[in-house]
């Protein structure tokens, strides 16, 4: 059984209009949310063996804010993940070596949300077969955990079981 963790980058800053979208950093709220999600991941015992991360500044800073992941995992920053559609994200996941048991993918919406909906069995955006919270939105710093019974190479729509969907607003340290 394989594990797939889909993490949307944390909240980014829009303060500097001279920066390209790719270069936007996290804002203070984003750093807090990423740190809270990191604590939740550690508490749940989530230990990816491979991290696939978009090359954008906000995704790399989200990964950095997660802190030291146990293992530590191999980290592959990829230009190809920047604003990628869900179909491209799926193609990248199908290329994961079979020996890798757990993957953390840190990327962007709408591709990440569409991928989560597709894997959970929806195949579209009408929300059938997925929790209402996931069907409605995939907020910044949200994490979806999936269990896959088959090989990475055959990952397909409807081919994963959603284990949990955590949003920053679900975490006590951000609601207090």
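The numbers here are math on the coordinates, done by the rules we state, and not lab data. Just so you know, these numbers come straight off a predicted model, no measurement behind them. Please note: Cβ atoms are built from the backbone with ideal geometry, for glycine as well, and neighbour counts cover all protein chains shown.
Some notes on this structure:
- Linear extension gain, residue 149 paired with residue 82, 0.36 nm per residue minus alpha-carbon span: 21.4 nm
- Site pair residue 100 and residue 29 shows an inter-label distance of 3.2 nm when each label is modelled 7 Å from Cα along Cα→Cβ.
- Per-residue Cβ neighbour rank within 10 angstrom, fewest leading, 87, 65, 59: 87, 65, 59
- Contact order normalised by residue count of segment 23-176, Cα under 8 Å, 6+ apart, percent: 23
- MRE, 222 nm, helices only [DSSP H, n ≥ 4, -39500 (n - 2.57), over the chain, to nearest 500]: -8500 deg cm²/dmol
- Fluctuation leader among 19, 81, 104 - the chain, Gaussian network, Cα springs under 10 angstrom: 19
- Inter-label distance for residue 19 and residue 132, nm, one decimal - labels placed 7 Å from Cα along Cα-to-Cβ: 3.6
- Diffusion coefficient, µm² s⁻¹, Stokes-Einstein with Kirkwood Rh over alpha-carbon pairs of segment 2-175 at 37 °C and 0.692 mPa s: 206
- Kirkwood radius, segment 74-121, all distinct C-alpha pairs, inverse of mean reciprocal distance: 11.3 Å.
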